[in-house]
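What follows draws every value from the coordinates through simple rules; no lab data is involved. Worth saying up front: this structure is predicted, and the values here are computed from it rather than measured. Note that we place each Cβ from the backbone using ideal geometry, even for glycine, and neighbour counts take in every protein chain shown.
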Amino acid sequence: MKTIRSYIDYLQHYQHSTDNPEAFWAEVASHFRWQKPWHSVLQWSFNPYQVRWFEGAQLNLSENCLDRHLATQGEQTAIIWEPNDPQAPVRRLSYRELYEQVNQFANVLKNNGVRKGDRVCIYMPMVPEAAVAMLACARVGAIHSVVFAGFSAQALADRINDATCSLVLTADVGQRGSKQLDIKAIVDEALAACPSVQRAIVLQTTPKGCPMHPTRDRWWHTELAQAAADCPPEPMEAEDMLFILYTSGSTGKPKGVVHTCGGYMVYAGYTFANVFQYQPAEVYWCTADVGWITGHSYLLYGPLLNGATTLMFEGIPTYPDPGRFWQVCEKHRVNIFYTAPTAIRSLMSFGEKYPAAYDLSSLRVLGSVGEPINEEAWHWYHDNVGRGRCPITDTWWQTETGGVMIAPLPRITVQKPTFATLPLPGIQPILVDDKGHEISGNPAEGNLCLKFPWPGMLRTTYGDHSRCQQNYFATYPGLYFTGDGCRRDEDGYYRITGRVDDVINVSGHRIGTAEVENAINEHPMVVESAVVGYPHDIKGQGIYAYVICSDAPADADEFRREVLREVTRVIGPIAKPDVVQLVDGLPKTRSGKIMRRILRKIAEGETANFGDTTTLLDPTVVDRIKAGAAGLRG
Ligand code: 7RM
């Protein structure tokens, strides 16, 4: 791939990409392997929303990730797997070995009735087989829906049912620090409510294994033993679906964001090469789980499309101690390290001695993703991990964008702490006020939108295109609205300030307030609830729940624990509120709308300046909530 090498290069590529987007993206796309060329690079409209990239072309993503590299670098390591237990053996898969495993597993999928276009749910721990599973789906043209193995049985069932998956790929257990996650038990519970699922294929990772359903479940290893070695890559139309990934929005249940084969490949491949300035033979480590978009684009597809060596880590940053990340960097001589600010902040709290204890001289580039990185964390990362030598690329993007949109290019863009800086070539951000009018000139502050399509953008939300239209293209007609607020400084640098909708970003995970409210409301004693985010030192944002109970509970602490259990049951532990406040009413307007602005202020610890409260039905409720909030945040 031809990549950007200097700032002048960047400016020229950017200019070309806006002057002639089709020629620009056609050139980028030409570096991949296509089974059939396109007859049109781009057809698009944002109103109504429809976008088609590389129409007429055929390709297979797994062929581009694997087959394409065999002749030149078949023996190079594709995946290094570092287990949870630092004493357990590392696994290394060369491009050839990964190719062989994916081929054979693709035949397992076929033997189990999977056909092109079928949906396959992947609910797995961070083991190489999760990557094999995704690539095998891509090889046979099945649409994967990876669900993060921290979601509850009910959340898993909801996602399986929304996509009507016919097959589930899973494992007996997962290892997370000193805890073992009983993955198969969660799958069993979920599948009791999933009529579309005919089969589960279960990877055995421990000698003990797990209970198996006699007709539905099959072992991964026995299926593999019966499968043929070679599976030719299925020719896919550029706009055929590649995967679905569920993500939270401001309303209702999570949406299945849909990405397609051609555009996603081009965008993940192009952005990986440029954003990390990856050099041949380097070791690259992205700490994200494959259950999130960062895991899809920058643990797996982006690196493999570029023939990179990607490190996959099963464990957690604090096991066996808070030096684990740095121990792994030293052990594998990691050159590029990509993680989330929440991990940095958490490790920061244990002190400098942990990174100081390791040889981090192999590091060349650091990355950040998932949430705004605060100045203190930026400097700690820069000084203690990068030892002042490594640029930090603060990458802003979303599940919906498929890949990085705004980020400094290491050693090319002059960085500025906390700024995602400048858009990548092909990306046209604009800031608008609440009426949708463009705010031009610098500095400026407003709602972040995109005014032109890029190959990696979502195509639809699974099974409901009107929801996609409504969510992303209706707020400001003619624009894609990100849901983020943003500042542009005097140099034209972008700084993302956070969500402006009812989405909370907890440790880099997107959680809808409505989802948490619905979960809390499942508790039989809950009459109504309202959930907001508040600033949290480590997580970025914490979850604050105001709950109205039908009767005063006999034991308030026990009731709070029950509320947390309910959220864990419906969504998963990542959505557990940090604070549960029992209230006797919520600040509602005469038309019945909750004034969340006030609840946010109280959650932030504000005691005055609530703005105009005259439209409230009962303004006295504010003082009572305020009084009850005192001391709750600990
Ligand atoms: C990649 C990912 C998307 C939301 C997005 C933002 C926030 C992500 C940054 C960021 C500030 C960043 N996908 N976000 N990256 N905010 N600076 N570098 O996280 O779909 O899970 O979340 O995350 O609010 O809209 S996501």
Helix-only [θ]222 nm of the chain, DSSP H runs n ≥ 4, -39500 (n - 2.57) each, per residue, nearest 500
-8000 deg cm²/dmol
Per 0.36 nm of contour for each residue apart, how much would the distance between D555 and D464 grow if the chain were fully extended, relative to their Cα-Cα spacing?
28.4 nm
In percent, what relative contact order does the chain have, based on Cα pairs under 8 Å that are 6 or more apart in sequence?
12
For the stretch 334-486, what's the relative contact order in percent, using C-alpha pairs closer than 8 Å and at least 6 residues apart?
16
Can you compute 3J(HN,Hα) from phi for each residue in the stretch 174-180, using the Karplus curve 6.51 cos²θ - 1.76 cosθ + 1.60 with θ = phi - 60°, rounded to whole Hz and x for Gly and Pro?
x, 10, 9, x, 7, 9, 10
Report the Cα centroid-to-centroid distance between the stretch 108-161 and the stretch 444-490 in angstrom, as an integer.
28
Given T72, V516, Y319, which one lies farthest toward the positive end of the charge dipole of the chain, if we put +1 on the Cβ of every Lys and Arg and -1 on the Cβ of every Asp and Glu?
T72
Do any GluC sites (Glu not before Pro) in the stretch 313-358 lie in a DSSP loop with no more than 16 other beta carbon atoms within 10 Å, and if so, which?
E352
Unit charges on C-beta of K, R, D, E only; dipole of the chain, Debye
520
The stretch 498-634: antiparallel DSSP beta bridges as a percent of all, rounded to 5
75
Going highest first, how would you order 573-583, 503-513, 126-136, 228-238 by mean Cβ packing within 10 Å?
126-136, 503-513, 573-583, 228-238
Assigning unit charges at the beta carbon (Lys, Arg +1; Asp, Glu -1) and nothing else, what dipole magnitude in debye, to the nearest 20, does the stretch 156-305 show about its Cα centre?
480
What are the ³J(HN,Hα) values, in whole Hz, obtained from phi via the Karplus relation 6.51 cos²θ - 1.76 cosθ + 1.60 with θ = phi - 60°, for each residue of the stretch 413-429 in sequence order, with x given for Gly and Pro?
8, 5, 7, 9, x, 6, 9, 6, 6, 10, x, 5, x, x, 10, 10, x
7 Å from Cα along Cα→Cβ at both L11 and D383: what's the point-to-point distance in nm?
3.4
Of the trypsin sites (Lys or Arg not before Pro) in the stretch 347-427, which ones lie in a loop per DSSP and count no more than 13 other C-beta atoms within 10 Å?
R387, R389
Cβ charges +1 (Lys, Arg) and -1 (Asp, Glu), total dipole of the stretch 360-464, debye:
580
In sequence order, what are the phi-derived ³J(HN,Hα) couplings for the stretch 533-538 according to the Karplus relation 6.51 cos²θ - 1.76 cosθ + 1.60 with θ = phi - 60°, rounded to whole Hz, with x for glycine and proline?
x, 9, x, 10, 4, 9
At a 10 Å Cβ-Cβ cut-off, how would you order H465, H332, fewest neighbours first?
H465, H332
Can you list the residues of the stretch 292-328 with backbone N under 19 Å from a point 7 Å past the Cα of E75, pointing along Cα to Cβ?
307-310
Subtracting the Cα-Cα distance from 0.36 nm times the residue separation, let me have the gained length for D584 to E375 in nm, one decimal.
71.3 nm
For the stretch 47-156, what class follows from the C-alpha gyration tensor (a ≥ b ≥ c being the square roots of its eigenvalues): rounded when a/c is under 1.5, otherwise prolate if a/b is larger than b/c, else oblate?
oblate
Could you check the simple spin-label distance between S178 and R565, using points 7 Å along Cα→Cβ, in nm with one decimal?
2.4
Percent antiparallel among DSSP beta bridges confined to the chain, nearest 5, equals 60
Using a 10 Å cut-off around each Cβ, can you sort D501, D489 from fewest to most neighbouring Cβ atoms?
D489, D501
13 Å cut-off, amide nitrogen to a point 7 angstrom out along R96 Cα→Cβ, residues in the stretch 222-257
none
Just name one of V114, Q101, L11: the one whose Cα is farthest towards the positive end of the charge dipole of the chain (beta-carbon charges, Lys/Arg +1, Asp/Glu -1).
Q101
When only C-alpha pairs under 8 Å and at least 6 residues apart count, what is the relative contact order of the stretch 249-308, in percent?
39
What is the distance, in nm, between label points placed 7 Å from the Cα along the Cα-to-Cβ direction at N111 and at E352?
5.7
Shape call for the stretch 403-465, from the Cα gyration tensor axes a ≥ b ≥ c (a/c under 1.5 means rounded, otherwise prolate when a/b beats b/c, else oblate), comes out oblate
With 10 angstrom as the radius, rank S94, S466, S362 by how many other C-beta atoms surround their C-beta, starting from the fewest.
S466, S362, S94
Given the options Q58, A340, Y284, identify the residue whose Cα lies farthest towards the positive end of the charge dipole of the chain (+1 on Cβ of Lys, Arg; -1 on Cβ of Asp, Glu).
Q58
Taking N as its residue count, the alpha carbon Rg of the chain over 2.2 N^0.38 Å
0.95
For the D612, D434 Cβ pair and Förster radius 22 Å, calculated FRET efficiency rounded to 0.05 is 0.85
